[in-house]
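Student: What follows is a single structure, and I will ask about it in a moment.
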Amino acid sequence: MASRGTAHAALMDEVYRGQRHIYDLTRKYYLFGRDTLIAGLDATPGMRVLEVACGTGRNLARTGQVWPGVRLFGLDISAEMLKSARAALGSRARLGEGDACAFDPQALLGEPQFERIVLSYSLSMIPDWEAALDHAASLLAPRGALHIVDFGDLAGLPSPLAALLRAWLARFHVTPRKALPDAAARIAAARGLELTSRRGPLGYWQLHVLTRG
Ligand SMILES: C[S@@+](CC[C@H](N)C(=O)[O-])C[C@H]1O[C@@H](n2cnc3c(N)ncnc32)[C@H](O)[C@@H]1O
């Protein structure tokens, strides 16, 4: 697959080769807002739910519990992360390896569109994150919704603490996207989608939903 040849895919494998074994245990203490996103999916049985950059499959597993009967799909650029996702989800989800910025959903996942698409703490790790956001928005089925959660502006944290957090995240190649609200608004307007947004406490996380009419 073309994505396996990219430097970014190799970097993600390097980051997660060891980390994936402790990922779910450790990330629950700082990837806040993920369960708020899942609770807001408002999915019905039979809907196709895709998580782009699904990591270990933690969110997909939970989505299947909260919204029984949905059809689960996941995509990630890291073959290492997909090993964990496959182990966690088995036949409950169809998974594919590809780049969020440019994957072919029909070829990788057997579906051209999805009723719900999730981007959770992934745009902050994707270099061309606006392309990934726009690509996900292009895959919405009629009346579909794209749900995004990621680090916010951290404006409510004392500045030294926010700086410390940013520096620590940078070690994992994570960059909070300050421009995400603007990009979400621009892409929603360009694609005729409705946008709703909210902020978590202290601006720790931001959540956006782009809905197709
Ligand atoms: C911080 S983890 C988030 C995993 C999961 N979404 C969650 O909320 O726990 C970021 C994930 O994004 C994936 N990723 C990074 N860049 C990607 C890209 N260009 N295309 C697809 N996945 C990517 C990584 O491999 C990793 O699994």
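The values are calculated or read from the model by the stated rules, or taken from the named source; none is laboratory data. On a predicted model such as this, the values are computed, not experimentally measured, just so you know. Glycine also receives a Cβ, built like all others from the backbone with ideal geometry; neighbour counts cover every protein chain displayed.
Here is a yes/no grid of residues against (1) at pLDDT below 95; (2) of a type in the set (A, V, I, L, M, F, W, C); (3) in contact with a Gly (Cβ under 6 Å, 6 or more places away or on another chain):
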site	(1), (2), (3)
D99	no, no, no
Q106	no, no, no
E115	no, no, yes
A137	no, yes, no
A162	no, yes, no
P181	no, no, no
L193	no, yes, no
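Student: Are any residues in the range 112-141 outside any helix (DSSP H, G or I), surrounded by 16 or more Cβ atoms within 10 Å (Cβ to Cβ) and not aliphatic (A, V, I, L, M), and if so, which ones?
Tutor: Q113, F114, E115, R116, S120, Y121, S122
Student: Need the failing condition index for G144 against (1) small (G, A, S); (2) in contact (Cβ under 8 Å) with a residue 40 or more places away in the chain; (3) surrounded by fewer than 16 Cβ atoms within 10 Å (Cβ to Cβ), just the number.
Tutor: All conditions pass for G144, except number (3).
Student: If you don't mind, another one. Output the qualifying pairs, or none if there are none: Cβ atoms under 6 angstrom, residues six or more apart or on different chains, first residue in the range 60-79 and under 26 Å from A9 (Cβ atoms), second residue hydroxyl-bearing (S, T, Y).
Tutor: I77/S3; S78/Y16
Student: Name the residues in the range 31-60 that are of a type in the set (D, E, K, R), away from the ligand (no atom under 12 Å from the Cβ) and closer than 22 Å to L108 by Cβ, would you?
Tutor: Scanning the range 31-60 gives a single hit, R48.
Student: Please state which of the following conditions W168 fails to meet, knowing it meets all the rest: (1) touching a residue at least 12 places away in the same chain (Cβ under 8 Å); (2) among the aromatic types (F, W, Y); (3) part of a helix (DSSP H, G or I).
Tutor: (1)
Student: Is one or more of the residues making up the range 152-173 under 14 Å from the mean Cα position of the chain (by Cα) and either surrounded by 15 or more Cβ atoms within 10 Å (Cβ to Cβ) or closer than 19 Å to C101 by Cα (or both)? It would help to see each step written out before you state the result.
Tutor: Pass one, the range 152-173, residues under 14 Å from the mean Cα position of the chain (by Cα): none.
There is no residue in the range 152-173 that is under 14 Å from the mean Cα position of the chain (by Cα) and either surrounded by 15 or more Cβ atoms within 10 Å (Cβ to Cβ) or closer than 19 Å to C101 by Cα (or both).
Student: Residues of the range 174-213 being hydroxyl-bearing (S, T, Y) and surrounded by 15 or more Cβ atoms within 10 Å (Cβ to Cβ), which ones?
Tutor: T175, S197, Y204, T211
To keep it simple, each residue is scored yes or no on (1) under 15 Å from Y121 (Cβ atoms); (2) of a type in the set (D, E); (3) in contact with a helix residue (DSSP H, G or I) (Cβ under 9 Å, 6 or more places away or on another chain).
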position: R143; (1), (2), (3): no, no, no
position: F172; (1), (2), (3): yes, no, yes
position: R186; (1), (2), (3): no, no, yes
position: A189; (1), (2), (3): no, no, no
position: E194; (1), (2), (3): no, yes, yes
position: L207; (1), (2), (3): yes, no, yes
position: T211; (1), (2), (3): no, no, yes
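Student: Within the range 76-108, which residues are hydrophobic (A, V, I, L, M, F, W, C), under 16 Å from H135 (Cα atoms) and in a helix (DSSP H, G or I)?
Tutor: Within the range 76-108, A107, L108 meet the criteria.
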